[in-house]
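The structure appears below as structure tokens.
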Amino acid sequence: MLTPGPAVTSQEIWNFLNAGGRLSEATRIKKSVSLRVLADAYLKSFPAEAKDEPSLRTESNHLCRLIGSSTLVENVEVQHIHIYVARRAEEPGLRGRTIRPVTIR
């Protein structure tokens, strides 16, 4: 069960993820929460045997590392996502290549 705390309800997180990261209406922030707190709450919602959890943990770690784990969710703007994508695209990937765009999601 997802329990992100009073700042974000599990239904709000599900609606956001189910919509592919797009919001159909304005979101009201009830309490300031950092990217790390939100990512940890999301990851805790997976059962221990979930196959996707390790890759999602890696992706959330990249997001927190490049945007800032203490960045408040309400302060994240489109420009932050563009910066994240640009920085990830410059990082080394496997076998001496840079990270492929399909990997940056």
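The values are calculated or read from the model by the stated rules, or taken from the named source; none is laboratory data. Predicted model, so just to flag it, every value in this text is computed and none were measured. Backbone-built Cβ (ideal geometry, glycine too); neighbour counts: all protein chains shown.
Points worth noting:
- Within the stretch 29-42, one or more residues are hydroxyl-bearing (Ser, Thr, Tyr) and modelled with pLDDT of 90 or more.
- Within the stretch 69-105, tally of residues that are assigned to a loop (DSSP other than H, G, I, E, B) and either touching a residue at least 12 places away in the same chain (Cβ under 8 Å) or of a type in the set (Ser, Thr, Tyr) (or both): 6
A quick yes/no check of all residues on (1) within 15 Å of the chain's Cα centre (by Cα); (2) surrounded by 14 or more Cβ atoms within 10 Å (Cβ to Cβ):
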residue: 68; (1), (2): yes, yes
residue: 74; (1), (2): yes, no
residue: 88; (1), (2): yes, yes
residue: 91; (1), (2): no, no
residue: 99; (1), (2): no, yes
